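Data first, discussion second: the structure below is written as structure tokens.
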Amino acid sequence: MNKKDYKNEEVYRHRIEHLFENIDIEKARSWFEDFQHLMAYYRCAIMEIETKFNVLNEEFSLRYDRNPINGMKSRLKSPASIKEKLERRNLPNDIETIENELDDIAGIRVICSFPDDVYMLADALLNQDDITLIKKKDYIQNPKPNGYRSLHLIVSVPIFLAKEKRNMKVEIQLRTIAQDFWASLEHQLRYKKDNSFTPEMADELLYCANLSAELDEKMDNLRQHTFEKDHS
Ligand code: 0O2
């Protein structure tokens, strides 16, 4: 090591020490371990809810020869989004607060074929005796001013571990294919990093949201005509 490298090494070590001087490494390690466990419990809760929807889809397909679920997507909120949400709400980042105050760490989106399927699936899930409804927001009956439509449920579902049972919260968003198409593109346009989203684009998107609601209605009429004829 030459003299210059040696000096750099010293500076580097000094900077690292400075960075960590206010951090209790043991505390940080224990926080991280608890956080990893909590995230694993949320992953289990996602599996439980996904299974419930898969069972409902299967049953419906046997009974009526069609699938009400077109697709499902799930996600765990990223550590960066969790941190951002806690800061936005002025909440401490301890594990208890994360679990008690944030409802959307585990999220499942259920994309349904027809608008009626959204409510049929929501009712069927909420009728199950191990599911507790915590919050419901019906943005289909009451769309957001920007045109967003979706049914949001926050539910609590038990997960069974080797030595305990834990009730975990899961956010479920149920929407039709058309509502999902709109929401995905709106999200991409609105959150584009170059700030190019204009009020005219917002108007245009609202127009598109109303068009897709009309499309859903027409498709639902076709469904009633086709399937009711099949089962009459
Ligand atoms: P991500 O990455 O999708 O999870 P809160 O979650 O409590 O802070 P709020 O407003 O009470 O906020 O929740 P709400 O209204 O139930 O909406 C939460 C989620 O719904 C959002 O999650 C979006 O996924 C979706 N959402 C709500 N409004 C819109 C909208 O106008 N456009 C689109 N495309 N999606 C929407 P996050 O946290 O934004 O992100």
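Please list the equivalent ellipsoid semi-axes of the chain, computed as the square roots of five times the alpha-carbon gyration tensor eigenvalues, in descending order and whole angstrom.
With the √(5λ) rule applied to the chain, the semi-axes are 44, 26, 15 Å.
For the cross-link pairs LYS27/LYS169; LYS137/LYS165; LYS52/LYS135; LYS135/LYS163; LYS135/LYS192, which exceed 24 Å when the distance is taken from alpha carbon to alpha carbon? All intermediate terms of the calculation are to be shown ahead of the outcome.
Numbers: LYS27/LYS169 26 Å; LYS137/LYS165 28 Å; LYS52/LYS135 19 Å; LYS135/LYS163 29 Å; LYS135/LYS192 30 Å.
As for pairs spanning more than 24 Å Cα to Cα, those are LYS27/LYS169; LYS137/LYS165; LYS135/LYS163; LYS135/LYS192.
Counting alpha carbon pairs within less than 8 Å and at least 6 residues apart, what relative contact order, in whole percent, applies to the chain?
It rounds to 18 percent for the chain.
Enumerate the calculated ³J(HN,Hα) couplings along region 164-176 in order (Karplus 6.51 cos²θ - 1.76 cosθ + 1.60, θ = phi - 60°), each rounded to whole Hz, writing x wherever the residue is Gly or Pro.
Whole-Hz 3J(HN,Hα) from phi for region 164-176: 7, 10, 10, 9, 10, 8, 9, 8, 10, 10, 10, 7, 7.
Nearest 10 degrees, 0 to 90: what angle lies between the long axis of helix 25-64 and the longest principal axis of the chain (Cα atoms)?
10 degrees
Classify region 66-170 as rounded, prolate or oblate from the Cα gyration tensor: take a ≥ b ≥ c as the square roots of its eigenvalues, call it rounded if a/c is under 1.5, otherwise prolate when a/b beats b/c and oblate if not. Spell out each step's value before the answer.
Values: a/c = 2.14, a/b = 1.31, b/c = 1.64.
It comes out oblate by the Cα gyration axes.
For helix 199-230, what angle does its Cα long axis make with the longest principal axis of the chain, in degrees from 0 to 90 and rounded to 10?
Once rounded, one gets 50 degrees.
When the helix-only estimate is applied to the chain (DSSP H runs of n ≥ 4, each -39,500 (n - 2.57), divided by the residue count), what is the mean residue ellipticity at 222 nm, nearest 500 deg cm²/dmol?
-19500 deg cm²/dmol
Under a point-charge model restricted to the Cβ atoms of Lys and Arg (+1) and Asp and Glu (-1), what is the dipole moment magnitude of region 24-119 relative to its Cα centre, in debye to the nearest 20?
360 debye
Under the Karplus relation 6.51 cos²θ - 1.76 cosθ + 1.60, θ = phi - 60°, what is the ordered set of whole-Hz ³J(HN,Hα) values for region 123-132, x standing for Gly and Pro?
Values, residue by residue: 4, 4, 5, 5, 6, 6, 6, 9, 9, 10 Hz.
Trypsin sites (Lys or Arg not before Pro) within region 130-205: which are DSSP loop residues with at most 13 other Cβ atoms inside 10 Å?
Listed in order of number, the matching sites are LYS163, LYS192, LYS193.
Rank VAL118, TYR41, ASN54 by how far each Cα sits towards the positive end of the charge dipole of the chain (+1 on Lys, Arg Cβ; -1 on Asp, Glu Cβ) and give me just the farthest.
TYR41
By how many degrees, 0 to 90 and rounded to 10, does the Cα axis of helix 79-88 deviate from the longest principal axis of the chain?
Between the helix axis and the principal axis of the chain, the angle is about 90 degrees.
In debye to the nearest 20, how big a dipole does the chain give about its Cα centre with +1 on each Lys and Arg Cβ and -1 on each Asp and Glu Cβ?
Working: 35 positive and 42 negative charges, 125 e Å.
Computed charge dipole of the chain: roughly 600 debye.
Assign one of three labels to region 122-232, namely rounded, prolate or oblate, based on the Cα gyration tensor with a ≥ b ≥ c the square roots of its eigenvalues; rounded applies when a/c is under 1.5, prolate when it is not and a/b is larger than b/c, and oblate otherwise.
Values: a/c = 2.98, a/b = 1.29, b/c = 2.32.
It is oblate, given that a/c is not under 1.5 and a/b is not larger than b/c.
Readers should treat all values here as calculations from the given coordinates under stated rules, not as data from a laboratory. Just so it is clear, the model here is predicted, and its values are computed rather than measured. Glycine gets a Cβ as well: all are built from the backbone with ideal geometry, and neighbour counts include every protein chain shown.
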